[in-house]
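Each remark here refers to the structure printed beneath this line.
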Amino acid sequence: MKEISCKLLVIGAGPGGYICAIRAGQLGVDTVIVEAVKPGGTCLNVGCIPSKAMIHAADEYLKVSEMAGGTSPLGISLSAPALDLAKTVAWKDRIVGRLTTGVAGLLKKAKVKSVQGWARFRDGKTVEVETETGLQVIRAETIVIATGSAPVELPFLPFGGAVISSTEALALKQVPQALAVVGGGYIGLELGTAFAKLGAKVTVVEALPRILPQYDAELTRPVAKRLEALGVKVLTGAKAKGLSAKGDALLVEAADGGEQKIVADKVLVTVGRKPLVDGWGLEEIDLDRDGRFIRIDEQCRTSMRGIYAIGDVTGEPMLAHRAMAQGEMVAEIVAGHKRSWDKRSIPAVCFTDPEVVTAGLSPDEAKALGIEIKSSQFPFSANGRAMTLLGEDGFVRIVARADNHLVLGIQAVGTGVSELSAAFGLAIEMGARLEDIAGTIHAHPTQGEAFLEAALRTLGHALHI
Amino acid sequence: MGEHVIKLPDVGEGVAEAELVEWHVKIGDLVREDAVLAAVMTDKATVEIPSPVDGEILWLGAEIGDTVPVGSPIVRIKVAGEGGVAATEAEKPSGVQGTPTPDPSPQGGGEQPSIAVSKSDTSKAGKETAKAPTGSPSPLGGGARGAAATIGLPRPEGERPLASPAVRLRAKEAGIDLRQVSGTGPAGRITHDDLDGFAARGSAVPTAGLLARTEVEEIKVIGLRRRIAEKMALAKSRIPHITYVEEIDVTALEELRAKLNASKKPDRPKLTLLPFLMRALVKAVAEQPQLNAIYDDDAGVIQRHAGVHIGMAAQTPGGLMVPVVRHAEARDIWDCAGEVNRLAEAAKAGTATREELTGSTITITSLGAMGGVATTPVINYPEVAIVGVNKIMIRPMWDGTQFVPRKMMNLSSSFDHRVIDGWDAAVFVQRLKALLEAPAMIFVEG
């Protein structure tokens, strides 16, 4: 049995963990990181990055399909395209490979020692790792738990065979003929849309009255419209019941109470993610919990001294960039800097078609807090650049305080609006007022002009509407 | 949506411009009719500008310290309520009058600026309105000005401090709780400067040894302070001062004053030394009229005044002010005392009018208990003489056979040496000395 000691031990090399380790390494903290699979975690390996690769491939395929069908308004026509999904997946895997290798390289450059294997707490200062070469014991002054999350499994639809999680969906070698998606949240809709574009007949089953329930109806309307245009069938208020006896269909209790049978060769279950709190010895250290999550304070400290937790294991929103910011902060705290969580917004992007971006408070959230607001939206149908991209659906919406025009929230739905999240986040984090956005020159012609116009409109003098 | 443009009113006879010294509102504020919007200063009078309408402040047209020509727009107010009477009215005349131009020249002809100086004038103030110029509010300038009004305003309870990530990081590292820091930026945002200011004030943690301090605080010289600075510089650069100090035995005067105060009617003001000095001054300048004069040095003319209008330099919370006791020659000692009290109160309360603060022909300056032994008073330009009162002290005086305790007071007086010779100055002060040492002479005719 081998033993090593270090100042900082990070368990899990997902976005939160690897950022934490790199930053700690930069700051001269003697750091070890443990990862059971590959660096990059869910995000790089089976989440954000591969899904975006597949979504892009699906978009491209749909475009050329439309051109081949002679329906392209751009006047381009060509012969029918062919799809080799295995090659697409291989391309996606190369991207993932480059990124995970890159992360490993960055860790090495920051002089972080990487240990591959499954970690398990022995006590609050000691972790044992089952590596290929035997048991490795690591003693650390400070330990950061960054174990992440895993897809939620439904008891009546256990993963395996036709029932798949997002992980398997990203590695399919063939486009399923018919795909049933259980759960109309962002993961299900992103992947469902991609497979619909690749030619699958997709049905989405959502238990709540509408898709993307965390967003307001105004924001999700263009997405619902697009799903319909793509031929995706959306059953809201419907409950999945299980597989049919033959295993070739999903049984659903529809909103009206009647039973429906949805023929599908694959059933993708995307009903959420759960914190990964089992199998690594959490019971040995008995940390306070917040529901299923590990309870943390504004410095990501757990209830045990010297143990921090970051990322999905600590709660919503389960987003890579939240974990990254927490990881960076914890590394600096460990290095002796004074830091605490003071972020004003964690922007969120949903890569549906069209994309949805949110930062800060929605109009309803602001009102619920008792704040008097001003809010307006500017539609992309009045934006020149959006027209040239065939992306006139959607809008940018700003929520500001009525009294001093402080921007509280910015939402957008539209083609490619994910890139606007940077501007939205910056505006809120800097404490911008409507006048700040209105007084900033936004380059023409870009979709970002809709952001400027939304601010002007909220101030009562939009120029292009 | 109607919009009211408020222009700088004619705040005094012959006044072409005024300095903006205070904003009472900021952009976005809702104001009621008659609520004070701003204060402007001309010469030494401060005039408050009320709102003629209910509405929301859209735009402020000047920074504190700016000099604004009479008639130029200073505030735009959005008339509250959509489609209301005010809003409808607002749209109509705009077609006739056209959009207001930012031309700062005073309004010509009979057109009234749309603002009244006082409440009584409000009614007759024309409901002049104008359509918002295209792209109307100027958010950049407006933000900065709006911010000026929010300086030091505390955040409402429970509201998170507003600051950029860089400011938050600096505060964290410096151990500063941003909730304690007031923000001067737009919407109360805490700026780097605010943090610097807070740190400079808050870093008074005593440490061992002496510390070198390098911070420099910049204070804009505005309003009354700027007026004083300009006037003092003018007086000292143009007038070659001659200062003459003489001691006065005020034992008899103080006895008389005490007796008069003890036996006075209850409705009469308490007498200080000032009314006696004023009456003595009236007597002295009757013999030397060249001292009660205005020297217009640009025109090369001395205006000798028959009326004695005595400026009395008074310390106010805002700084030095000089209210004027007019026609001291026509006032008896009680009347002088009453007027002195009234003007001192008005000056301290900031309610002195422009008329009460101008038109003096000679000035008395006194620092009272802080009077010191001697001073070198600066002449209240364009006058030619100023009399400074120093502190009364009991001093041992030689009466020819022995030292006796006497109440002694020095007078430090300055004269414009261009037009007053040293001899005349000495004669004048000696005359004052004779009057004050034998106070009965003040009250005797001839």
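The values are calculated or read from the model by the stated rules, or taken from the named source; none is laboratory data. Note that the structure is predicted; figures quoted are calculated from it, not measured. Virtual Cβ from ideal backbone geometry, glycine too; neighbours counted across all protein chains shown.
Taking the criterion of being more than 19 Å from the chain's Cα centre (by Cα) and within 14 Å of chain B (Cβ to nearest Cβ), the residues of the range A:332-356 that qualify are A:E332, A:I333, A:A335, A:G336, A:H337, A:K338, A:R339, A:S340, A:W341, A:D342. When A:S421 is tested against the conditions (1) away from chain B (no Cβ under 14 Å); (2) assigned to a strand (DSSP E or B), the lone failure is (2).
If I filter the range B:314-343 down to residues being of a type outside the set (S, T, N, Q) and modelled with pLDDT under 90, which single residue comes out as surrounded by the most Cβ atoms within 10 Å (Cβ to Cβ)?
Here is the first cut: in the range B:314-343, the residues of a type outside the set (S, T, N, Q) are B:314, B:317-340, B:342-343.
Those still in the list that are modelled with pLDDT under 90 too: B:314, B:317-321.
Working: B:A314: 19, B:P317: 9, B:G318: 18, B:G319: 14, B:L320: 17, B:M321: 25.
Filtering first and then ranking leaves B:M321.
Taking the range A:399-418 as the range and being within 14 Å of another protein chain (Cβ to nearest Cβ), touching a residue at least 40 places away in the same chain (Cβ under 8 Å) and hydrophobic (A, V, I, L, M, F, W, C) as the test, the residues that pass are A:A400, A:V407, A:L408.
Under the condition of being surrounded by fewer than 18 Cβ atoms within 10 Å (Cβ to Cβ), over 18 Å from the mean Cα position of the chain (by Cα) and of a type outside the set (S, T, Y), the residues counted in the range A:294-327 number 8. The residues listed here are B:L234, B:L274, B:L195; of these, the one that is at pLDDT 90 or above, surrounded by 15 or more Cβ atoms within 10 Å (Cβ to Cβ), on the phi < 0 side of the Ramachandran plot and more than 13 Å from every other protein chain (Cβ to nearest Cβ) is B:L274.
State whether one or more residues within the range A:25-41 are assigned to a helix (DSSP H, G or I), under 26 Å from A:G279 (Cα atoms) and hydroxyl-bearing (S, T, Y). No. Taking the criterion of being in contact with a helix residue (DSSP H, G or I) (Cβ under 6 Å, 6 or more places away or on another chain) and over 14 Å from B:D332 (Cα atoms), the only residue of the range B:251-269 that qualifies is B:L253.
What is the one condition in (1) part of a loop (DSSP other than H, G, I, E, B); (2) within 11 Å of chain A (Cβ to nearest Cβ) that B:A212 does not satisfy? The one condition B:A212 does not meet is (2).
Return yes when B:R160 is modelled with pLDDT of 85 or more, more than 38 Å from the chain's Cα centre (by Cα) and at the interface with chain A (Cβ under 10 Å from one of its Cβ atoms) and no when it is not. Answer is no for this residue.
Results for (1) buried (at least 22 other Cβ atoms within 10 Å of the Cβ); (2) in contact (Cβ under 8 Å) with a residue 40 or more places away in the chain; (3) closer than 16 Å to B:L224 by Cβ; (4) among the aliphatic types (A, V, I, L, M), shown as yes or no for each residue.
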site: B:E19; (1), (2), (3), (4): no, yes, yes, no
site: B:V25; (1), (2), (3), (4): no, yes, no, yes
site: B:V31; (1), (2), (3), (4): no, yes, no, yes
site: B:D34; (1), (2), (3), (4): no, yes, no, no
site: B:A38; (1), (2), (3), (4): yes, no, yes, yes
site: B:V47; (1), (2), (3), (4): no, yes, yes, yes
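I'd like the full set of residues that are hydrophobic (A, V, I, L, M, F, W, C) and surrounded by fewer than 15 Cβ atoms within 10 Å (Cβ to Cβ), limited to the range A:256-288.
Initially, the range A:256-288 is screened for residues hydrophobic (A, V, I, L, M, F, W, C), giving A:262-264, A:267-269, A:271, A:276-277, A:280, A:282, A:285, A:287.
Result: A:V263, single match.
Taking only the range A:118-162 into account, find how many residues are aliphatic (A, V, I, L, M) and under 26 Å from A:A320 (Cα atoms).
Kept after step one, since they are aliphatic (A, V, I, L, M), are these residues of the range A:118-162: A:119, A:127, A:129, A:135, A:137-138, A:140, A:143-146, A:150, A:152, A:154, A:157, A:162.
Okay, now just the ones that are also under 26 Å from A:A320 (Cα atoms), so A:119, A:127, A:129, A:140, A:143-146, A:150, A:152, A:154.
So the count comes out to 11.
Would you call B:L367 in contact with a helix residue (DSSP H, G or I) (Cβ under 6 Å, 6 or more places away or on another chain), farther than 30 Å from B:D298 by Cβ and either assigned by TED's automatic domain parsing to the domain that holds B:V282 or at pLDDT 95 or above (or both)? No, not satisfied. Among residues of the range B:413-425 that are farther than 12 Å from B:A235 by Cα, those with a beta-carbon under 8 Å from a residue that is assigned to a strand (DSSP E or B) and small (G, A, S) at least six positions away or on a different chain give the pairs B:S413/B:A385; B:S413/B:G388; B:V419/B:A293; B:I420/B:A385; B:A425/B:A385; B:A425/B:S413.
Scan the range A:264-283 and give yes if some residue there is over 19 Å from A:P155 (Cα atoms), under 22 Å from the mean Cα position of the chain (by Cα) and in a loop (DSSP other than H, G, I, E, B), otherwise no. The answer is no, given that none of the residues of the range A:264-283 is over 19 Å from A:P155 (Cα atoms), under 22 Å from the mean Cα position of the chain (by Cα) and in a loop (DSSP other than H, G, I, E, B).
Count of the range A:82-112 residues, restricted to those that are within 19 Å of A:M324 (Cα to Cα) and either polar (S, T, N, Q) or not in a loop (DSSP other than H, G, I, E, B) (or both), is 12. All conditions but one from (1) more than 20 Å from the chain's Cα centre (by Cα); (2) away from every other protein chain (no Cβ under 14 Å); (3) on the phi > 0 side of the Ramachandran plot apply to A:G431; the one that does not is (2). Look at (1) modelled with pLDDT under 85; (2) over 28 Å from B:R227 (Cβ atoms); (3) crowded, with 18+ Cβ neighbours inside 10 Å and you find that B:G71 fails only one, number (2).
Applying the condition of being without any contact (Cβ under 8 Å) to a residue 12 or more places away in the chain and under 21 Å from B:T272 (Cα atoms) to the range B:341-366 and asking which residue is farthest from the chain's Cα centre (by Cα) yields B:R342. The listed residues are A:H444, A:H461, and the only one of them that is on the phi < 0 side of the Ramachandran plot, at the interface with chain B (Cβ under 10 Å from one of its Cβ atoms) and surrounded by fewer than 17 Cβ atoms within 10 Å (Cβ to Cβ) turns out to be A:H461. Among the residues of the range A:142-156, those identified as farther than 16 Å from A:G41 by Cα and either in a loop (DSSP other than H, G, I, E, B) or at pLDDT below 95 (or both) are A:V152, A:E153, A:P155, A:F156.
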